[in-house]
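These notes are about the structure you will find just below.
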């Protein structure tokens with residue numbers, strides 16, 4: 001992110017545009033580059049390409065939005081009934097001034113909690129359900145999904161909008177639950193998928209056989225008709 005007061009040098013190599021100048025939300029990513037311009041004395045002119053990552057509205061009212069910073073692998077695990085415990089790394093800042101109020105990066109720790117248990121702010125319960133292991137996302141939380149009008153003194157003022165950058169490190173079964181039960185559930189789902197694929201393949205094979213039989217029957221009928229035509233020609237002679 002570019003930040004600070006906008007200044008434009010007399011002969012800029014790069015022209016910078018700040019979010020508040022053009023009224024763009026702070027979730028916009030700015031990429032600077034340059035292109036040749038033969039009308040410019042230096043032969044180069046700088047400009048800004050604004051690249052906006054997709055912002056996902058997770059609540060439908062803008063209360064919790066998510067922007068994926070780093071995508072997870074397609075087959076990565078996600079929080080579920082079988083894997084409700086999550087390990088995360090994060091940093092939280094106030095949207096108003098960018099002040100960091102909490103972070104696991106300073107002491108390189110992991111924060112663990114159970115998704116859906118109400119042990120964290122509502123925005124986290126909502127957002128973490130949409131993430132996969134390895135994913136890093138920027139989560140913006142309106143006050144009603146965070147600490148509301150009370151805030152969390154002294155670091156979080158009343159009615160504060162919060163922005164978290166969260167990395168989902170791991171998903172685990174609930175404490176006291178059987179890991180083997182989770183493994184069995186995965187095996188059951190894999191077997192169900194295999195059975196569905198087999199049923200689809202069998203259905204396709206049966207369809208193919210019916211089409212082949214139909215084609216063979218049509219060929220036999222055509223052969224008989226051709227044979228009758230040949231006999232008719234012989235009599236005519």
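Computed quantities for the displayed model
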{"item": "Rg/Rh ratio calculated on Cα atoms of region 97-157 (Kirkwood radius)", "result": "0.95"}
{"item": "Pair residue 206, residue 226: separation of 7 Å Cα→Cβ label points (nm)", "result": "3.3"}
{"item": "Sequence-separation-based contact order of region 55-177, relative, with Cα cut under 8 Å and 6+ spacing, percent", "result": "36"}
{"item": "Volume in Å³ per residue [convex hull over Cα atoms, computed for region 55-177]", "result": "115"}
{"item": "Computed lengthening from residue 161 to residue 217, 0.36 nm per intervening residue step minus Cα-Cα distance", "result": "12.9 nm"}
{"item": "Relative packing of peptides 93-100, 78-85 - highest average C-beta neighbours within 10 Å first", "result": "78-85, 93-100"}
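Every read-out reported here was derived from the displayed coordinates using simple, explicitly stated rules and does not represent laboratory data. Predicted, not measured: the structure shown is a model, and the values here were computed from it. Backbone-built Cβ (ideal geometry, glycine too); neighbour counts: all protein chains shown.
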